[in-house]
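Working notes, beginning with the structure itself.
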Amino acid sequence: MNGARDPDGRHGEPGPVGAGGPAGPADAAQEPAPEAVPAVDSRLIVREQGFRGYVGEFRRKLRSGELGSLPVVIAVIVIWTVFGSLDNAFLSAQNLSDLSQQIVGTGMIAVGIVFVLLLGEIDLSVGSVSGLCAALFAVLNVINGMNQWLALLVALAGGAAVGLVQGFFFAKVGVPAFVVTLAGNLAWNGLMLQVLGTSGTVNIPSESVVAELYSTIFESPAAAYVTAAVGVGLFLLASLLDARRRRAARVPYRPIAEIVLRTVVLAAIAFAAAYILNRYQGLPLALLIFLVVLVVLDFVLRRTRYGRQIFAVGGNIEGARRAGISVPFVRMSVFTIAGTMAAVGGIFLAGQIQSASQTSGGGNLLMNVIAAAVIGGTSLFGGRGSVWSALLGALVIGSIQSGMNIMGVSNAVQFMITGAVLLAAVVVDSLSRRSQKAAGRA
């Protein structure tokens with residue numbers, strides 16, 4: 001097999017069989033047929049070439065449109081550099097700490113949007129669902145006196161039920177997700193107004209569990225540093241176990257040097273963030289919960305059979321059906337997750353302002369959560385993305401809004417700039433897919 005190499009690194013060129021030329025029938029009977037030698041994975045060749053190989057692989061990915069999180073990371077650096085140069089207050093420990101809390105509500109809802117986008121679908125109801133669930137908690141706990149933890153569970157269950165209903169109409173009845181969730185956006189907003197009643201606003205006490213979930217901060221410096229250390233340690237352990245598992249299965253795996261380099265980079269980012277947080281007040285509980293949710297759901301998407309089914313349905317629905325995947329179940333479950341995450345985000349947003357009102361879940365919330373998922377790197381065309389897109393995208397959206405608020409920019413201009421950033425992200429996604437198709441990798 002021309003161009004293939006055997007396990008010793010030699011190319012599989014045919015050698016002489018005998019002095020007289022090709023083997024005859026007797027020779028063929030005596031000598032077993034040679035085993036087919038699989039082509040060596042290109043990632044192994046890249047790692048064998050060292051630094052030069054990685055540079056070449058990076059250039060190839062750029063040419064083929066496999067950009068990953070690179071555009072959004074560059075966007076964050078540019079945004080922080082611009083606003084930091086215009087006003088030193090933007091990069092202050094206080095502003096960055098406040099930013100880490102403010103993105104949690106939007107980010108939680110964006111996580112649910114990521115799951116839906118992986119199917120190549122959209123959910124236009126998450127804003128109304130978040131407001132409805134916040135109103136449910138406020139009315140049950142504050143007005144009716146229900147235990148706050150029970151009220152919280154009812155609110156989260158309400159979000160899951162809404163997502164399940166919408167998923168049923170989409171997966172079983174066959175109504176397009178756009179239509180189902182657009183109708184839901186109106187219906188759940190109306191139900192929220194009905195739940196709130198004539199008062200229109202229910203204030204949430206500062207000692208409520210919802211308010212404390214958002215406002216609690218671990219002031220001890222050890223909290224942030226221990227969290228950073230645990231996160232880096234878990235990443236290193238998971239990377240080593242994954243490399244060991246892949247090596248045992250004789251498939252490409254990351255060498256120790258690459259794992260160590262990735263761990264060092266992550267450690268630098270994690271401890272720098274911990275240092276900044278400790279310079280102001282400490283580690284916010286809301287940020288910690290957000291990170292834990294991201295880690296758990298990232299594991300579900302990348303390490304479980306269910307996660308692989310989501311990517312399969314989003315990448316090729318007909319191929320997923322032929323592979324025996326229950327497409328209706330995957331669709332209904334994904335919309336249930338989106339509804340649940342909308343409820344979680346709505347709870348954090350209600351804790352942020354300590355109230356639930358007729359404007360909850362409205363305004364530009366829906367635009368921001370969809371923009372966060374797309375800007376973070378999740379494809380609108382399905383089959384490609386990560387829950388970490390929600391964090392990166394929410395960070396971009398939050399940074400833009402925080403910087404423009406510091407600069408005194410009007411809301412009208414903020415909307416236009418956010419819309420332009422969203423369009424730019426979609427354009428990058430479209431061009432990336434076009435490049436991958438041209439390179440035969442899509």
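The values are calculated or read from the model by the stated rules, or taken from the named source; none is laboratory data. As the structure is a prediction and not an experimental result, all values here were calculated from the model. Glycine also receives a Cβ, built like all others from the backbone with ideal geometry; neighbour counts cover every protein chain displayed. Heavy atoms of the whole protein, side chains included, go into the accessibility calculation; ligands, DNA and RNA do not. Shrake-Rupley method; radii C 1.70, N 1.55, O 1.52, S 1.80 Å.
The single residue among ALA343, ALA356, ALA390, ALA425 that is closer than 21 Å to ALA155 by Cβ, in contact (Cβ under 8 Å) with a residue 12 or more places away in the chain and out of contact with any Gly (no Cβ under 7 Å at 6 or more places or on another chain) turns out to be ALA356. When residues in region 297-324 are screened for being open to solvent by less than 30 Å² (accessible area, probe 1.4 Å), of a type outside the set (D, E, K, R) and more than 19 Å from ALA160 (Cβ to Cβ), 3 of them pass. Which residues, taken from region 338-383, are within 13 Å of the chain's Cα centre (by Cα), in a helix (DSSP H, G or I) and over 18 Å from LEU287 (Cα atoms)? Answer for region 338-383, where residues must be within 13 Å of the chain's Cα centre (by Cα), in a helix (DSSP H, G or I) and over 18 Å from LEU287 (Cα atoms): ALA338, ILE370, ALA371, VAL374, ILE375. VAL260 meets all of the listed conditions (1) hydrophobic (A, V, I, L, M, F, W, C); (2) open to solvent by 20 Å² or more (accessible area, probe 1.4 Å); (3) modelled with pLDDT of 95 or more but one, namely (3). A single member of ALA356, ALA338 is open to solvent by less than 30 Å² (accessible area, probe 1.4 Å), of a type outside the set (Lys, Arg) and at pLDDT 95 or above, and it is ALA338.
Selection over region 272-285 of residues that are in contact with a Leu (Cβ under 6 Å, 6 or more places away or on another chain) and not β-branched (Val, Ile, Thr) gives a count of 2. Of all the listed residues (ALA155, ALA151, ALA211), the sole one being open to solvent by less than 50 Å² (accessible area, probe 1.4 Å), within 21 Å of MET341 (Cβ to Cβ), assigned to a helix (DSSP H, G or I) and out of contact with any Phe, Trp or Tyr (no Cβ under 8 Å at 6 or more places or on another chain) is ALA211. Within region 112-133, not a single residue is open to solvent by 30 Å² or more (accessible area, probe 1.4 Å), within 22 Å of SER208 (Cα to Cα), in contact with a helix residue (DSSP H, G or I) (Cβ under 8 Å, 6 or more places away or on another chain) and part of a helix (DSSP H, G or I).
For residues that are aliphatic (A, V, I, L, M) and over 23 Å from MET108 (Cα atoms), scanning just region 263-294, find the one that is surrounded by the most Cβ atoms within 10 Å (Cβ to Cβ). Outline the logic, then answer.
Taking region 263-294 and keeping what is aliphatic (A, V, I, L, M), we get 264-270, 272-274, 276-277, 283, 285-289, 291-294.
Adding the requirement that they be over 23 Å from MET108 (Cα atoms) leaves 264-265, 267-268, 272.
On the way: VAL264: 12, VAL265: 10, ALA267: 17, ALA268: 11, ALA272: 11.
Restricting to residues being aliphatic (A, V, I, L, M) and over 23 Å from MET108 (Cα atoms), the top hit is ALA267.
Is it true that VAL330 is out of contact with any Gly (no Cβ under 6 Å at 6 or more places or on another chain) and open to solvent by 40 Å² or more (accessible area, probe 1.4 Å)? When the stated conditions are applied, VAL330 does not pass them. For VAL409, the conditions (1) outside any helix (DSSP H, G or I); (2) in contact (Cβ under 8 Å) with a residue 60 or more places away in the chain; (3) not hydroxyl-bearing (Ser, Thr, Tyr) all hold with the exception of (2).
Filter region 354-406 for residues that are aromatic (Phe, Trp, Tyr) and over 23 Å from VAL296 (Cβ atoms) and give the result. Before the answer, list the steps.
Just the residues of region 354-406 that are aromatic (Phe, Trp, Tyr), to begin with: 381, 388.
Selection gives PHE381 alone.
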